[in-house]
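Structure record follows, encoded as structure tokens.
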Amino acid sequence: MRIRAGYEITYECPKPTPMLALLNVHSSRYQDLESPDFIRTEPYFPITQYHDAFGNLCSRFTLPAGRSVLSADFIVRDTGLPDPVTPDAIQHPVADLPNEVIVFLLASRYCETEHLSGLAWSLFGDIEPGWKRLQAILDYAHSRITFGYQHARPTKTAFEAHEEGYGVCRDYAHLAITLCRCMNIPARYCTGYLGDIRWPVNGEMDFSAWTEVYLGHRWHTVDARHNTPRVGRILMARGRDATDAAITTSFGPNFLAGFKVISDELS
């Protein structure tokens, strides 16, 4: 399958504003690009890039005063297969986990395990470890939160989303990640493109957030918001939570004046 993906993001700044952006496809998908994944700017300003500890391609630049547009339009190949489901994937004892995976068991900015650990063990402690326990966590997060863009809040944590019962894809991901970590399942936050490919269209296209969990010696993609395998995910960034995988992080005042994302299957 071939997917056309991209975005157009418009900012207005009262003065020059430094920004960090994770707008490129993740390094793990470089081999799938059919056309360059460049960040275009209007007006032109220089961009420098580096890879962080999670393999994310980070862009650094300073938005000039006034109106600025960031955009991209590229084609990426995909298998066209839905997210794999692995019912026999085992859960590893903490003592057997690789060193680089341990960080994804720890509390982080938006995944405060200390507030949900007791609840998690009461709900999932008697469920067989492994995929069965993971699926119970996804089912719970999926049913606990009602989706709505009007409920988005950039400071909302997993515990707050759990208590309020409303949120967007990042809140489903944060809650699932936190409950997994409480149950000693390493989990990390992902963001990227997820178009309505082979799925009923249900609103404006946006970047999406989902989860990866470590079971059976490898990472698996899961999604508490949709709670069913999807087609055509394009990873952009991953990390402990939305702090590590924020699409943009600004270091000064700015106004988001326009936002458009595309992710469409090409015939």
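Can you give me the long-range amide H partners of D241? Hydrogens built in the peptide plane at 1.01 Å from N, cutoff under 5 Å, separation of 5 or more residues or another chain.
Y189
Among A161, V69, W121, whose Cα lies farthest out toward the positive end of the dipole of the chain, if unit charges sit on the beta carbon of Lys, Arg (+1) and Asp, Glu (-1)?
V69
Cβ under 11 Å from S267's Cβ, S267 left aside: what net charge do those residues give with Lys, Arg +1 and Asp, Glu -1? All intermediate terms of the calculation are to be shown ahead of the outcome.
Working: positive: R2, R4; negative: D264, E265.
My count for the surroundings of S267 gives 0.
Where Lys and Arg each count +1 and Asp and Glu each count -1, what net charge lies around F207 among other residues with Cβ under 12 Å from its Cβ?
My count for the surroundings of F207 gives +1.
Rounded to the nearest 0.05, what FRET efficiency is calculated for L97 and W121 with R0 set to 22 Å and r the Cβ-Cβ distance?
Working: r = 19 Å, r/R0 = 0.86.
With a Förster radius of 22 Å, E is 0.70.
Quick one: which residues, 5 or more positions from N184 or on another chain, have an amide H under 5 Å from its amide H? H modelled 1.01 Å from N in the peptide plane, none for Pro or chain starts.
Excluding prolines and chain starts, which carry no amide H, there are no hits.
In whole angstrom, note down how far apart the Cα centers of the range 13-54 and the range 183-235 are.
Using only Cα atoms, the two centres lie 22 Å from each other.
Per-residue HN-Hα couplings for the range 62-71, Karplus 6.51 cos²θ - 1.76 cosθ + 1.60 at θ = phi - 60°, whole Hz, x for Gly and Pro?
10, 5, x, 4, x, 9, 9, 10, 10, 8
Tell me the label-point distance for the pair F251, E163, using the 7 Å Cα-to-Cβ offset, in nm and rounded to one decimal.
Label at F251, label at E163, 3.3 nm between them.
Considering only the chain, what is the antiparallel percent among its DSSP beta bridges, to the nearest 5? Provide the component values of the computation, followed by the final result.
Values: 57 of 59 bridges.
Close to 95 percent.
Compute the length gained on full extension between L81 and S27: take 0.36 nm times their separation in residues and subtract their Cα-Cα distance, giving the result in nm to one decimal. Present the calculation step by step, with values, prior to reporting the outcome.
Details: separation 54, 0.36 × 54 = 19.44 nm, distance 2.02 nm.
Result: 17.4 nm gained on full extension.
Under 10 Å, Cα contacts only: if you run a Gaussian network model on the chain, which one of A173, A120, A245 comes out with the highest mean-square fluctuation?
Fluctuation is largest for A120.
Under a 10 Å cutoff between Cα atoms, tell me which one of S208, S35, S27 has the largest fluctuation in the Gaussian network model of the chain.
Maximum among the listed residues: S35.
For the range 119-127, what does the Karplus curve 6.51 cos²θ - 1.76 cosθ + 1.60, with θ = phi - 60°, yield as ³J(HN,Hα) per residue in whole Hz, taken in order and with x for Gly and Pro?
4, 4, 5, 6, 8, 10, x, 8, 8
Just to be sure I understand, if you calculate semi-axes √(5λ) of the Cα gyration tensor in Å for this structure, which of [x] 32, 21, 18; [y] 34, 24, 17; [z] 31, 24, 14 do you get?
[x]
In vacuum, with every alpha carbon of the range 129-205 counted as one equal point scatterer, what does the Debye formula give for log10 I(q)/I(0) at q = 0.11, 0.17, 0.18, 0.21 Å⁻¹? Two decimals, please.
-0.30, -0.71, -0.79, -1.01
Cβ neighbours within 10 Å, averaged per peptide: list 182-193, 61-72, 128-139 in order, most packed at the top. Each step should come with its number before you reach the end.
Values: 182-193: 24.1, 61-72: 16.8, 128-139: 18.7.
Taking the mean over residues of other Cβ atoms within 10 Å, the ranking is 182-193, 128-139, 61-72.
Highest first, please rank the peptides 227-238, 38-49 by the mean number of other Cβ atoms sitting within 10 Å of their residues.
The packing order, highest mean first, is 227-238, 38-49.
Say each of L20 and T62 gets a label point 7 Å from the Cα, pointing the same way as Cα to Cβ; how far apart are those two points in nm?
1.8
What value, in deg cm²/dmol to 500, does the helix sum -39500 (n - 2.57) over DSSP H runs of n ≥ 4 give at 222 nm once divided by the residues of the chain? Display every interim value, and only then the final one.
Details: 4 runs with 47 residues, N = 267.
Rounded to the nearest 500, it is -5500 deg cm²/dmol.
A short reminder: the numbers here are calculations on the coordinates, not readings from a lab. All values reported here derive from a predicted model rather than from experimental measurement. So basically every Cβ, Gly included, is an ideal-geometry build from the backbone, and we count neighbours across all protein chains shown.
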